[in-house]
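Everything below concerns the one structure shown next.
The values are calculated or read from the model by the stated rules, or taken from the named source; none is laboratory data. Predicted, not measured: the structure shown is a model, and the values here were computed from it. We place every Cβ from the backbone using ideal geometry, glycine too, and count neighbours over all the protein chains shown.
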Amino acid sequence: MQIADQDPIPTVQVADADAASSVITPDSPPWNLVTGFLVWVASVAAIFVFPLLVMIPYFLITREAMPDDPSNDSRVILLSLIGVIPAHIFTLIVAWPVVTGGRGLDPKKTLGFNFGAVRWWMLPLVAAAFFALAYGVTAIFPEQDNDVLRIIRSSRTAAVVLAFVATFFAPVVEEVVYRGILYSALLKKAGTTVAVILVTLMFAGIHYPQYWGSPGSIILITLLSLILTLTRTVSGNLLPCIVLHLIFNGVQAVSIIAAVISGEDISAPVDSLQGLFR
């Protein structure tokens, strides 16, 4: 009788353990680190390839000569910005089967579309604190010319397209890749500390070339990346990261659009932006 009474106990425990291990959350995703890394590689490659796919046909069709200095040519800058849109769409297409587990899982559950431990009203306060700190950093490290400022100065159309892409695409796409897929995979494999450090540096690092030669901007993009990553850590969800990223970019987008509408000379250095546009 004692043996018969004891037999069901481990069976129930094993069943409970199996059920627990099969629960999918943002911190225990259905994808692994290799998959997460491949999505990141695809997103980076798309940013380089798709602008070329837009730019090269333009010059072939119009038979215009390629400029000697493409980085300062307003046509090349605008076409490159337009090419970022299909690049972001491509990234979302690649990410979709990953976040759904290839079997129709709800991406709102695998990525985390709740605020978790973070309250919505905290996010504007965090953004305000960051912008206040940013002005202090740029006072110590004056803004130097960089790719982002050159884009804004190249033409009003380019400035508007940049504001559009940075507001309506970047917060979602970049957060899905970095704080969604990549962070979750690293957290599951290597733990919180490694996930925070690597995602912070990978996100900031991919932006460094845009701000190279401007120490203040490099410091700020690194700090911004850390804030977004810690938001993911504290909340356990991706939604607060998307909202916070949207606030950061949206504030700068409004500044750019206001300058365009008011007829302000955007060919001059954009000191008012303080190089914070991300």
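Within region 99-111, is there a residue that is more than 22 Å from F37 (Cβ to Cβ) and under 18 Å from the mean Cα position of the chain (by Cα)? Spell out the reasoning first.
As a first pass, look at region 99-111 and keep what is more than 22 Å from F37 (Cβ to Cβ): 104, 106, 108-109.
Pick out the ones that are also under 18 Å from the mean Cα position of the chain (by Cα) and you get 108.
Within region 99-111 (the criterion being more than 22 Å from F37 (Cβ to Cβ) and under 18 Å from the mean Cα position of the chain (by Cα)), the answer is yes, since at least one residue qualifies.
Can we say V161 is among the aliphatic types (A, V, I, L, M) and surrounded by 24 or more Cβ atoms within 10 Å (Cβ to Cβ)? Full working, then the answer.
On the way: among the aliphatic types (A, V, I, L, M): yes; surrounded by 24 or more Cβ atoms within 10 Å (Cβ to Cβ): no.
It is false that V161 is among the aliphatic types (A, V, I, L, M) and surrounded by 24 or more Cβ atoms within 10 Å (Cβ to Cβ).
Are there helices (runs of 4 or more DSSP H) fully within region 174-261 with at least 3 residues that are over 16 Å from the mean Cα position of the chain (by Cα), crowded, with 19+ Cβ neighbours inside 10 Å and small (G, A, S)? List them. Spell out how you get there, then give the answer.
Working: elements: 183-190, 192-207, 215-235.
Result: 215-235.
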Restricted to region 191-224, and to residues that are small (G, A, S) and in contact (Cβ under 8 Å) with a residue 40 or more places away in the chain, which residue is nearest to T110 (Cα to Cα)? S217
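Pull up region 50-83, narrow it to residues that are assigned to a loop (DSSP other than H, G, I, E, B) and of a type outside the set (D, E, K, R), then point me to the one that is farthest from P30 (Cα to Cα).
Just the residues of region 50-83 that are assigned to a loop (DSSP other than H, G, I, E, B), to begin with: 63-69, 73.
Imposing the further condition that a residue be of a type outside the set (D, E, K, R) reduces the set to 65-67.
Details: A65: 49, M66: 46, P67: 47 Å.
Checked region 50-83; the qualifying residue farthest from P30 (Cα to Cα) is A65.
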Pick from region 68-114, criterion more than 30 Å from L187 (Cα to Cα) and β-branched (V, I, T), ranking: surrounded by the most Cβ atoms within 10 Å (Cβ to Cβ): I77
Can you tell me which of S272, S214, S255 is at pLDDT below 95 and either of a type in the set (D, E, K, R) or in contact with an Asp or Glu (Cβ under 8 Å, 6 or more places away or on another chain) (or both)? S214
